[in-house]
Amino acid sequence: MQIKINTNFLPKINKIIKFFILSDLVLWSGWGFIDPLFSIFVVEKIVGSTLVSVGILATIYWFVKGALQIPISLFLDKTDGERDDFYALILGLLISGGAAIILSMAQTITQVYFIQVIKAIGFALYIPSWSAIVSRHLDKEHTAFEWALSSSTVSFGIGAAGLLGSLIAGSLGFRFLFILTGLFAMVSVAILLFVPDFIFPRKTTPNMPMRDHIQIGIK
C-alpha cells in the first residue's frame, strides 16, 4: 500500500530560492548543534570563565554583528549587480564556519572572546547579503509563503539539531560538535556554488526576453 501526499496546493518555487533556503537550513542547523549547549561548554570547559563570561560573549556577538551589518549593507546596496552580495555571502559562511572549528581548540576565555568577534563578523557579512539576494528573487505572487517557508525550515532544522547536538556532545564531546558545525557551514558554501546560472549566467541573445526580479523591502 502506497501513501501519496498531494502537494499541488503549494506554490512552485524557483531554483534560486530553493538553493538559498537549503543553504540557510544547513548553516543554521549546524549552529543549532552548538547554541543550546554553548553556555554549558563555556562554564565547564573554558579556563577562567564564569556565568558573567557567558553574558559578555552574548554582548560581544550582538554588538559587533549589529555595528557591522549597517556599513556592510550600505556598501552592498551601492554596488551594482549581485556578485558583491554573493562574494560577501560566501566569505561570511567561510568565516562563521572557521570560527566554529577554531572554537574546538579554544582553551581560555580570552580566546573564546576573540572567536566570538570572528563569528559576529561572519554573520554580519552573511545576513545582509543572503537577505538581499533572496529578496530580489522571490516570486511576486508568493513572497509571504517563501519567507515563511524559509523561516519554518530553519526552525525545524534548529529544533532537530538542538536534540541531536546534545546527544553528540554527550557521546563524542563538545570539540567534535564544533568541528561538525564548521563542516555544515562548508556544506552550505558548496550548495550555493551549485546554484544554476546565478553568478555566471548563460549567454543570451538580444532577442531573448529577460526575467525581471522584483525588489521588495525586508525587515
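Derivation of every value follows stated rules applied to the coordinates shown; laboratory data play no part. Predicted model, so just to flag it, every value in this text is computed and none were measured. Every residue, glycine among them, receives a Cβ derived from its backbone with ideal geometry; neighbour counts consider all protein chains shown.
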Furthest towards positive pole of dipole, PHE123, SER135, PHE63, structure part region 59-148, Cβ charges: PHE63
Distance violations [Cα-Cα > 26 Å] among LYS65/LYS140; LYS45/LYS119; LYS18/LYS140; LYS15/LYS140: LYS65/LYS140
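Ranked from highest to lowest mean number of other Cβ atoms within 10 Å per residue, what is the order of the peptides 43-55, 151-163, 100-112, 25-37?
Working: 43-55: 13.4, 151-163: 15.3, 100-112: 17.6, 25-37: 21.7.
With the highest mean Cβ count within 10 Å placed first, the list reads 25-37, 100-112, 151-163, 43-55.
Mind giving me the FRET efficiency for ARG136 and LEU183? R0 is 30 Å, r the Cβ-Cβ distance, nearest 0.05 is fine.
Efficiency computed from Cβ-Cβ geometry: 0.55.
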Cα-centred dipole magnitude for region 70-208, charges only on beta-carbon of K, R (+1) and D, E (-1), debye, nearest 20: 320
Packing-based exposure ordering (other Cβ within 10 Å, fewest first) of HIS137, HIS142: HIS142, HIS137
Farthest toward positive dipole pole in region 33-145 [+1 Lys/Arg, -1 Asp/Glu at C-beta], among ILE34, TYR113, GLY97: TYR113
